[in-house]
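Written below as structure tokens is the structure these notes are about.
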Amino acid sequence: MEYPYNSSQILNDTIFIGFGGQIGTSTSQQRELAYLLAEDQMTEHLSSFLVPTTITGSISHINGSLFGTEFGHVRQVLSISLEVVKQLSPLQTEIHTGSALIRNSEYGYLDVFVDCYYKGEWLYKSTASYQSGLYSGTSMQPIMLAALTLAAQIQINEMDVSLSNEGVADVGIQRFSNQAYSEERKTLGNTAFGNSAMAQRVARLVKRYRSKPAIGFR
């Protein structure tokens with residue numbers, strides 16, 4: 001799903017500088033872009049919006065009445081619709097509307113109930129309109145602001161030549177050599193923020209807020 005915002009919702013110069021961000025010679029437009037990219041990446045990493053956001057998108061059927069949303073930290077479900085295939089020749093579909101109960105807000109698990117339950121029909125498409133997002137007390141916590149600052153710094157370092165170094169573009173460096181000095185670092189994993197050591201730190205800081213599917217659900 002496309003990111004619905006075209007400006008930063010949390011980060012600004014005051015927060016960025018207050019949490020150790022370096023602006024270098026960057027322009028205000030470059031920093032605003034960096035803040036927006038950081039929040040976009042954080043949304044992708046957490047599978048949850050940073051501020052309450054109403055979206056309409058597909059939901060996945062898991063088992064029985066249980067469905068899963070694309071984004072977690074579901075606060076409210078506004079509408080549900082299921083499109084089923086009634087017959088194949090000629091092809092005929094029918095849309096059932098219904099409602100849902102939130103079984104697990106963090107992971108985005110819903111129990112869906114429709115007006116006319118489909119029996120002997122194939123579920124073709126399921127859609128929900130719902131609100132996803134962290135509470136303001138979470139999105140404005142120092143840990144989250146520090147993580148967003150680091151994520152934005154990665155973007156600014158790439159745009160501002162005065163802040164660039166051998167790790168520009170957030171490349172994950174495993175082997176480094178400079179004149180008589182060299183070092184080899186441990187393999188770094190991939191994240192929505194990149195695969196550098198700084199990107200790994202961003203991911204570690206917000207690990208507790210990540211909305212990720214459970215291995216199983218009973």
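If I ask for residues that are buried (at least 19 other Cβ atoms within 10 Å of the Cβ) and either assigned to a helix (DSSP H, G or I) or at pLDDT below 90 (or both), which ones from the range 132-144 would you list?
Answer for the range 132-144, where residues must be buried (at least 19 other Cβ atoms within 10 Å of the Cβ) and either assigned to a helix (DSSP H, G or I) or at pLDDT below 90 (or both): Ser139, Met144.
Look at Ser47 and say whether it is at pLDDT below 95, more than 28 Å from Ala146 (Cα to Cα) and of a type in the set (S, T, N, Q).
Against the criterion (at pLDDT below 95, more than 28 Å from Ala146 (Cα to Cα) and of a type in the set (S, T, N, Q)), Ser47 does not qualify.
Go through the range 38-78 and give me each residue that's farther than 17 Å from His96 by Cβ, of a type in the set (A, V, I, L, M) and over 12 Å from the mean Cα position of the chain (by Cα).
Residues satisfying the conditions are Ile55, Ile62, Val74.
Thr187 passes all but one of (1) modelled with pLDDT under 85; (2) closer than 30 Å to Val74 by Cα; which number fails?
If we test Thr187 against (1) modelled with pLDDT under 85; (2) closer than 30 Å to Val74 by Cα, just (2) comes out false.
If the Cβ limit is 7 Å and pairs must be 6+ apart or interchain, which residue in the range 44-63 that is outside the structural domain of Val112 (by TED's automatic domain parsing) pairs with which residue that is of a type in the set (Asp, Glu) and surrounded by fewer than 20 Cβ atoms within 10 Å (Cβ to Cβ)?
From residues that are outside the structural domain of Val112 (by TED's automatic domain parsing), there are no pairs.
Against the condition touching a strand residue (DSSP E or B) at 6+ places or on another chain (Cβ under 7 Å), part of a loop (DSSP other than H, G, I, E, B) and small (Gly, Ala, Ser), how does Ser48 come out, does it pass?
yes
Quick check: anything in the range 116-129 free of Cβ contacts under 8 Å to residues at least 40 places away in the same chain, surrounded by 17 or more Cβ atoms within 10 Å (Cβ to Cβ) and outside any loop (DSSP other than H, G, I, E, B)?
no
Among the residues of the range 61-75, write down those that are in a strand (DSSP E or B) and surrounded by 13 or more Cβ atoms within 10 Å (Cβ to Cβ).
Of everything in the range 61-75, those that are in a strand (DSSP E or B) and surrounded by 13 or more Cβ atoms within 10 Å (Cβ to Cβ) turn out to be His61, Ile62, Leu66, Phe67, Gly68, Thr69, Val74, Arg75.
The values are calculated or read from the model by the stated rules, or taken from the named source; none is laboratory data. Fair warning: this is a prediction, and the values are worked out from it, not measured in the lab. A quick note on method: Cβ atoms are made from the backbone with ideal geometry, for glycine too, and the neighbour counts reach across all protein chains shown.
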